[in-house]
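J.: The structure is given below, and queries will be raised subsequently.
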Amino acid sequence: MTTTVSRRNFLRATGILGAAAGIGATLAACAPDSSTDTGSDTGSTAESGSANDAGTITAAISYELGTNGYDPMTTTAALTVAVNWHTMEGLTEIDPATGEVYAALASEMPATDATSVDITLREGAVFSNGETVTADDVVYSFERVLDPNNNSLYASFIPFIKSVNKKDDTTVTLDLDYATGVLAERIAVVKIVPKAAVEADASGFDTNPIGTGAYIMTDNGGASKIVKFERNDDYTGPRPARAATMEWQIIPDASTRTNSIQSGNTMAIDSVPYLSIPQLEDTSNVESVQGFGLLFAMFNLSESNPFNDLRNRQAFLYSLDMDKIITTGMSDQATAATSFVQKEHPNYNEAS
């Protein structure tokens, strides 16, 4: 099965890395007019949204690795979470560029109108160590997230799950406290891991995890500062890898990251400094899109705080000149928020 990835969706997906730091643009180098093979360059196929299946995607990432490893039960750092999107799967997944929910390790989308939901695994699914994915792995993956002793952030996304039980080797049953229309979206936070491998060496798994995703991580970037991936040839899911390898250079410094795309060392960068965007667009063959981010004011609502009064919060917000902030403070690289998510997001609802 093949998929077509548009340049704009690729850029949006890259820009998701900027969500934790507010509004940030993403830039990608455009392909030349010639279709001549130049190694990792995707050639003219990139203009039509196709990919070079033998090529390498190179990117400079603004975030560092964080301190809690790659284990999907506990990791919360932007970079490690983004890596896991490529190397692991939940029963369902959410496309980071479009917000579309789709069946990943599940053979089909789960029912959303019942309190007992059977989910059958995708046929032929195997972990990157060659082991077959079983219902036992699914039960184990959910139980470790839901176990309060593990303090997993992701448990708060699925409070309606009472238990997950094995029905047969390829089917699990989710028993819910109540039916919910967001079941498919929420269970995507639980990545399915190989029970035997995690129990045998939890520390090793945290450093170099094993998953079922379209890519396999071959270098965790701890020493090299480059996270490397290769295509998982045993992947049987709906979103196969569109390039043979990827290299994500960890470059927190904005100037160095910007220079990397100007020099042609990388194809994409995230969190582009506002003042650098016009310069890059004038001097380089690049395309820019907004990343998904939101800058907001958080009020202390303790009883003694003036902002406990709704009228004071409203007065504060009315005093802000949003247009001036966007123009002078953000170089026109933002729009006034009308929702928690951007207008292109499928769950966008304009605030009243």
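Read the figures in this text as sums done on the coordinates, not as results from a lab. No experiment lies behind these values; they were computed from the predicted model shown. Please note: Cβ atoms are built from the backbone with ideal geometry, for glycine as well, and neighbour counts cover all protein chains shown.
J.: Gain in length, residue 160 to residue 263, computed as 0.36 nm per residue apart minus the alpha-carbon separation, to one decimal in nm?
T.: Contour length minus Cα-Cα distance gives 32.1 nm.
J.: Just grab the label-to-label distance for residue 309 and residue 331, each label 7 Å out from Cα along the Cβ direction, in nm (one decimal).
T.: Result: 4.1 nm between the two label points.
J.: Oh, and also: Per the Kirkwood formula on distinct C-alpha pairs, the Rh of the stretch 99-197 is how many angstrom?
T.: 13.7
J.: Which of the aspartates and glutamates could a cross-linker span from residue 324 if the Cα-Cα distance has to be under 18 Å and same-chain partners fewer than 8 positions apart are dropped?
T.: 332
J.: For the stretch 114-166, run through the GluC sites (Glu not before Pro) and keep only the ones in DSSP coil with at most 10 other Cβ atoms within 10 Å of their Cβ.
T.: Counting only loop positions with at most 10 other Cβ atoms within 10 Å, the GluC sites (Glu not before Pro) in the stretch 114-166 are 123.
J.: Kindly provide the helix-only [θ] at 222 nm of the chain, computed as the sum of -39,500 (n - 2.57) over DSSP H runs of four or more divided by all residues, to the nearest 500 deg cm²/dmol?
T.: Calculated at 222 nm, the ellipticity per residue is -5500 deg cm²/dmol.
J.: Let me ask something additional. Quick one, which of [x] 5, 17, 20, 17, 14, 9, 7, 6, 3, 2, 1, 0; [y] 6, 27, 36, 23, 7, 1, 0; [z] 5, 22, 30, 25, 14, 4, 0 is the actual P(r) over Cα pairs in 10 Å bins from 0, in percent calculated for this model?
T.: [z]
J.: Turning to a different aspect of this structure: Extending each Cα 7 Å along its Cβ direction at residue 322 and residue 149, get the distance between those two points in nm, one decimal.
T.: In this crude spin-label approximation the distance works out to 4.9 nm.
J.: Still on this structure: Full extension from residue 297 to residue 169: what is 0.36 nm times the residue separation minus their Cα-Cα distance, to one decimal in nm?
T.: 41.2 nm
J.: Would you please give the FRET efficiency between residue 64 and residue 279, computed as 1/(1 + (r/R0)^6) with r the Cβ-Cβ distance and R0 = 25 Å, to the nearest 0.05?
T.: Step by step, r from the Cβ atoms, then E = 0.45.
J.: Any chance you could run the full-extension gain for residue 126 through residue 339? It's 0.36 nm times the residue separation minus the Cα-Cα distance, nm to one decimal.
T.: Between residue 126 and residue 339, full extension yields 72.7 nm more.
J.: Right, here's the next one. Quick check on the stretch 76-151: take the gyration tensor over C-alpha atoms, sort the square-rooted eigenvalues as a ≥ b ≥ c, and tell me if it's rounded (a/c under 1.5), prolate or oblate.
T.: Rounded, because the longest to shortest axis ratio a/c is under 1.5.
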